[in-house]
1. What's the FRET efficiency of residue 193 with residue 300 using the Cβ-Cβ distance as r and R₀ = 25 Å, to the nearest 0.05?
2. Taking loop as defined by DSSP and a crowding limit of 15 other beta carbons within 10 Å, which chymotrypsin sites (Phe, Trp or Tyr not before Pro) in region 196-250 fit?
3. Taking all pairs of distinct Cα atoms, average 1/r, flip it, and tell me the Kirkwood hydrodynamic radius of region 259-394 in Å to one decimal place.
4. Any chance you could run the full-extension gain for residue 68 through residue 225? It's 0.36 nm times the residue separation minus the Cα-Cα distance, nm to one decimal.
5. Would you please put 320-331, 379-390 in order of how densely packed they are, using the mean number of other Cβ atoms within 10 angstrom per residue and starting with the highest?
6. So if we plug the beta-carbon distance of residue 269 and residue 42 into 1/(1 + (r/R0)^6) with R0 = 56 Å, what FRET efficiency do we get, rounded to 0.05?
7. For residue 178 and residue 1, calculate 0.36 nm times their separation in residues minus their Cα-Cα distance, and state this gained length in nm to one decimal.
8. Based solely on its DSSP helices, what 222 nm [θ] is calculated for the chain when runs of n ≥ 4 H residues each add -39,500 (n - 2.57) and the sum is averaged over all residues, nearest 500 deg cm²/dmol?
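No lab work stands behind these numbers, since they all come straight from the coordinates. Computed from a predicted model, the values in this text were never measured in an experiment. Cβ coordinates were reconstructed from backbone atoms using ideal geometry, including for glycine residues, and neighbour counts include every protein chain displayed.
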Amino acid sequence: MTTLSERILGAPAGSYVDCRVDRCYVHDGTGVLTLEAYQAMQAERIARRDRTYVLFDHIVPANNSVTAGLQAELRRFARDGGLPFTDIGEGICHQVMGEGIVLPDEIVVGADSHTCTLGAFGAFATGVGATDMAAIWADGGTWFRVPETIAIFLSGSLKEPAEAKDLALTYVSRLSMDGATYKALEFVGDGVQSLSMESRMTLSNLAVETGAKAGLFYADGTTCAYLGDYGHSVSPQVPDESSYPQRLEIDISDIVPVVAVPPRVDTVRPVGDLAGLPLDQVFVGTCTNGRYGDLERFARIVRGKKVRVRTLVAPASRRVLARASATGVLSWLIEAGCTILPPGCGPCLGAHQGVLGEGEVCLSTANRNFRNRMGVGGEIYLASPATAAASALAGALAVPEVPR
């Protein structure tokens, strides 16, 4: 048998391979460090300009003059070098790359740990540090040790109000935060068919929270239809008959709304166990749950009502924002008292646009709840958009109702 990672990287697990990178990208944070390392290498040119992306998303708009100056230098470098570039307001790098750019069978490397999100498209997508990315800029390739694979067999289908985020937190809790270190997670089984591309991106996104190198889905009819909307004609990836060395089986029909309790992503409990926990802030967005379907589900719950706690909503991309505006979702959010942030990462990394004060509690749809991530002394609970909506209306952690 050959796993999807082995197929794309062209060697069995445990082998060391030199690979040509199909697409690489940085954001405004890691791009500054990558540029510094690249200049120190005294490289003569970017090896693959048309496949080297610079996407501003982390601290946009800039939060101070130092950040603005560093961004200006990187912006000039990208534009002068003719690199594919997106500026303020275009969206989160992983989301933008997932809007018709990344294709099945590609090797995709980003200077951000959540690059694994793009494994949802049948690509081997993983994150690297700035120095490794600088070498990729100069050479066009890199090396990997081909990871062993843990198969996550999914059966059944989600039952509302449970969402893909609840499933993602559940598998993270079962594997633990280091249970898949340098492994590839491969999502397989009949249950995959019921998952949208947005749901698959959420599941792949959290792969790194188990220590995994990548989180992959085989491209199927859903993938082909999604990419077809962007003008791509791709073929499904047919899995081999596989006997995986390690497997985790999940009947997703049994998934219930859950919450990850700080400071660990793998400390997961049913929302009902903590219902009534007072909140100071609700944040909806990020590369985990800032897509249109996430905003639409949240908006339908709060529509015609008023949130009782400060509630920040950051669309994952300009395309998401435009669709939310066109369909009325944006109006529902505003009328409910939500504050709309520019497309981007927003307060996820604790740099601006929603930093927590000491002792404050935030319910977030992001992917990390480590100590001090969103502000020194603040606490972060992770949950789905539906749970976030119910909690925003209650002003405290609340179990979402089954939609009527």
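1. E between residue 193 and residue 300, to the nearest 0.05, is 0.55.
2. Values: sites: 217, 218, 226, 230; in loops: 218, 230.
For chymotrypsin sites (Phe, Trp or Tyr not before Pro) across region 196-250 that sit outside H, G, I, E and B with at most 15 neighbouring Cβ atoms in 10 Å, the list reads 230.
3. Working: mean 1/r = 0.0692 Å⁻¹.
The answer is 14.4 Å.
4. Values: separation 157, 0.36 × 157 = 56.52 nm, distance 3.97 nm.
This chain segment gains 52.5 nm when fully extended.
5. Values: 320-331: 17.2, 379-390: 28.1.
Order by mean packing, descending: 379-390, 320-331.
6. 0.60
7. Details: separation 177, 0.36 × 177 = 63.72 nm, distance 2.58 nm.
61.1 nm is the gain from fully extending residue 178 to residue 1.
8. On the way: 13 runs with 122 residues, N = 404.
It lands at -8500 deg cm²/dmol.
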